[in-house]
1. From the Cα trace of the stretch 139-214, what convex hull volume per residue do you get, rounded to a whole Å³?
2. Over the chain, what is the mean sequence separation of C-alpha contacts under 8 Å (at least six apart), divided by residue count, expressed as relative contact order in percent?
3. Modelling each spin label as a point 7 Å along the Cα-to-Cβ direction, I'd like the residue 203/residue 189 distance in nm, to one decimal.
4. Which peptide among 24-33, 108-117, 43-52 comes first, and what is the full order, when sorted by highest mean count of other Cβ atoms within 10 Å?
5. Among 101, 17, 56, 85, what is the fewest-to-most ranking by other Cβ atoms within 10 Å?
6. Rg over Rh of the stretch 64-109, using C-alpha atoms and the Kirkwood radius, what does it come to?
7. Name the residue, out of 92, 157, 198, whose mean-square fluctuation peaks in a Gaussian network model built on the chain with Cα pairs under 10 Å.
8. By how many nm would the segment from residue 67 to residue 16 grow when fully extended, if each residue of separation counts as 0.36 nm and the alpha-carbon distance is taken off?
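Coordinate-derived values only; no laboratory data. None of the values given here were measured: they were computed from a predicted structure. Cβ placement follows ideal geometry from the backbone for every residue including glycine, while neighbour counts extend to all protein chains displayed.
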């Protein structure tokens, strides 16, 4: 006699640690050299590409540095930034950022790991907070290859990091506080840059006037 045995798979416990690649897909960006059209060749595949200069060390995205990129073939959708993606730079200083509506649609090169949350388990902004925690950042630094300033990390190592799954409402609260703090810091940062540029221009005008009077 044959018995059918139904094995119940235990549900994931709230608060249990899991590898990041169990809570999200983690992949390296596109290797751009392999996809690039030959110099001088005509290409109908023109894209905007994010580069390292687009990611400020403080965690801000500046698309004024984005580059035109001409590919010899159509690129796969997974290599384009999507709302809710978390990007982490794979070289020092390992800056992580969150993609929103304003930063979607750019090609992501292999300088970054692309992390796409399984929202049934974790929220993107919670992953961002996790990657920016001092304890997590120290793990990344300690496991990088090369010197501190030139060290790199692999997307495989990012995948292996343990993240604690907590209730969604608590994830959301932490994430929203982080995004609010980021927005405040970004406004202060941009204001300081604009003020510095204004002061520089004003001093140059004053100097030119004084020099003209002599």
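1. Details: hull volume 10.5 nm³, N = 76.
Convex hull of Cα atoms, per residue: 139 Å³.
2. Values: 312 pairs, mean separation 51.3, N = 214.
Computed value for the chain: 24 percent relative contact order.
3. 2.3
4. Values: 24-33: 17.7, 108-117: 22.1, 43-52: 15.8.
Ranking, from highest mean packing down: 108-117, 24-33, 43-52.
5. Taking fewest neighbouring Cβ atoms as first place, the list is 101, 17, 56, 85.
6. Using only Cα positions, Rg/Rh for the stretch 64-109 is 0.98.
7. Judging by the Gaussian network model, the answer is 198.
8. Values: separation 51, 0.36 × 51 = 18.36 nm, distance 4.14 nm.
Here the segment from residue 67 to residue 16 would lengthen by 14.2 nm.
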